[in-house]
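Novice: I'd like to ask some things about the structure below.
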Amino acid sequence: MSWVVIDGLRVAYGATTVLDGVHLEIPRGSLTAVLGPSGCGKTTLLRAIAGLLPATGGTISVGEKLLSSPTVQLAPEKRGVGWVPQDASLFPHLSVGDNIGFGLKRNPDRARRIADLAALVGLDELLDRAPSQLSGGQAQRVALARSLAPRPDLVLLDEPFAALDPQLRSTLRREVADLLRGQSNTSLLVTHDQEEALSLADYVAVMRDGRILQWGTPREVYERPVSRWVAAFVGDTVEMDGYWSGGLVQCGLGLVEAEMADGSEPKDGSPVCVMLRPEWLHVEGGGTEATVTSVAYAGHDALVSVELTTGLTVRARMAAPDLPTRGDRVSLGIRHRALAYSKTSASPVAPAVTR
């Protein structure tokens, strides 16, 4: 059952439309990631949900509560929404404990709630410290505890790990995801980091130019992207032109088993673009069909570029042990059915994004 429903949301800055007809439903207790490039409207979406920007069209509801519509604009403090910003934004003149309890009423239960949350985020020994005495990861834990203190109906996370170093980011984001699930919080995370979205979220919404292009589980979005743009933005792709023939595509890899991403059945001979993920290809030694031209080693795996006898070069992802070397003669196989996109409706390639 959907707990958060955003229907036809439109948000504009003056004459400039930033969000245009956004529809998104978030199940209760889930962690949903909105994934998209910088400037696509992700943070604007969070600010509209939090009540910091008015909706010029459509509605935002959480549970039975209508938060926004063209005629309704509930005040931010009445929305039951928690916010974890990118830079923690702690109050420098308040202790850790007072930062956590900032949104709580001063009553006999306040101290216990602060102590419980500090223990939950692993900071129960630091309640009296000033924000200036905290590391980046500790500051983000305080920001998370502060957002959870009033027991919000929805927690919004605005790229909260972007400013941290890679090792800390990887550790903290997993801890935060586990904590939110352990508390049965409904959470919405915005990020431009594909790995972060796919590894942490229960559901992923891909956004571009103020619109949601696809929503689904991480596996659905990665393995069945609805367009070439989504495919290239969410992960590495191997793409080539070909011709459709009843569930097969004749392309540079020969006759490849494929299915249309939109479920259509084009006429035989129709031009299509065929897409595979590099890990859907496998390289085996001893063959004569291709030659290894480069190996981009990444520790746990590598991208192996091979040139076929036709002159076509493609990349396959391989686990690090037993990697081939440049110049090896190998054979190339396909371990997963390819996706095909109509050439008449194919989207342009997604922009490069730092991972």
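The values are calculated or read from the model by the stated rules, or taken from the named source; none is laboratory data. Computed from a predicted structure; not experimentally measured. Positions of Cβ are generated from backbone atoms using ideal geometry, with glycine treated the same way; all protein chains shown enter the neighbour counts.
Novice: Give the residue that is surrounded by the most Cβ atoms within 10 Å (Cβ to Cβ), with candidates limited to residues of the range 298-312 that are at pLDDT below 95 and among the hydroxyl-bearing types (S, T, Y).
Specialist: Checked the range 298-312; the qualifying residue surrounded by the most Cβ atoms within 10 Å (Cβ to Cβ) is T310.
Novice: Quick check on this structure: which one of V84, V72, V62 is more than 28 Å from the chain's Cα centre (by Cα) and hydrophobic (A, V, I, L, M, F, W, C)?
Specialist: Details: V84 fails: more than 28 Å from the chain's Cα centre (by Cα); V62 fails: more than 28 Å from the chain's Cα centre (by Cα).
Going through V84, V72, V62 in turn, just one is more than 28 Å from the chain's Cα centre (by Cα) and hydrophobic (A, V, I, L, M, F, W, C): V72.
Novice: Of everything in the range 150-168 that's surrounded by fewer than 20 Cβ atoms within 10 Å (Cβ to Cβ), at pLDDT 90 or above and not charged (D, E, K, R), which residue is nearest to F91 (Cα to Cα)?
Specialist: P150
Novice: Test G8 against the criterion of being part of a strand (DSSP E or B) and either over 30 Å from R174 (Cβ atoms) or not small (G, A, S) (or both), and give yes or no.
Specialist: So G8 passes the test.
Novice: Here's a follow-up. Which of (1) part of a strand (DSSP E or B); (2) over 13 Å from the mean Cα position of the chain (by Cα); (3) in contact (Cβ under 8 Å) with a residue 40 or more places away in the chain does Y243 not meet, given it meets every other one?
Specialist: Checking Y243 against (1) part of a strand (DSSP E or B); (2) over 13 Å from the mean Cα position of the chain (by Cα); (3) in contact (Cβ under 8 Å) with a residue 40 or more places away in the chain, the one that fails is (3).
Novice: May I pose another question? Give the range 253-277 a look and list any residue that's surrounded by 17 or more Cβ atoms within 10 Å (Cβ to Cβ) and either in contact with a strand residue (DSSP E or B) (Cβ under 6 Å, 6 or more places away or on another chain) or not aliphatic (A, V, I, L, M) (or both), or say none.
Specialist: First, pick out the residues of the range 253-277 that are surrounded by 17 or more Cβ atoms within 10 Å (Cβ to Cβ): 253, 256, 258, 260-261, 266, 270, 272-277.
Across the range 253-277, the qualifying residues are V256, A258, M260, A261, P266, S270, V272, C273, V274, M275, L276, R277.
Novice: Continuing with this model, one more query. If a residue has to be surrounded by 18 or more Cβ atoms within 10 Å (Cβ to Cβ), closer than 21 Å to E159 by Cα and small (G, A, S) to count, how many in the range 81-126 make the cut?
Specialist: Within the range 81-126, residues that are surrounded by 18 or more Cβ atoms within 10 Å (Cβ to Cβ), closer than 21 Å to E159 by Cα and small (G, A, S) number 2.
Novice: Just give me the residues in the range 169-194 being closer than 17 Å to G136 by Cα and buried (at least 22 other Cβ atoms within 10 Å of the Cβ), in sequence order.
Specialist: Looking only at the range 169-194, we keep the residues that are closer than 17 Å to G136 by Cα, and these are 169-176.
Correct list: R173, V176.
Novice: Could you say which residue among R228, R208 is in contact with a strand residue (DSSP E or B) (Cβ under 7 Å, 6 or more places away or on another chain), buried (at least 20 other Cβ atoms within 10 Å of the Cβ) and of a type in the set (D, E, K, R)? Step through it out loud before you land on a result.
Specialist: Values: R208 fails: in contact with a strand residue (DSSP E or B) (Cβ under 7 Å, 6 or more places away or on another chain).
Just one listed residue meets the conditions, R228.
Novice: Which residue, of A115, A111, A139, A143, is of a type in the set (A, V, I, L, M), farther than 19 Å from A201 by Cα and touching a strand residue (DSSP E or B) at 6+ places or on another chain (Cβ under 6 Å)?
Specialist: Working: A115 fails: touching a strand residue (DSSP E or B) at 6+ places or on another chain (Cβ under 6 Å); A111 fails: touching a strand residue (DSSP E or B) at 6+ places or on another chain (Cβ under 6 Å); A139 fails: touching a strand residue (DSSP E or B) at 6+ places or on another chain (Cβ under 6 Å).
The unique qualifying residue is A143.
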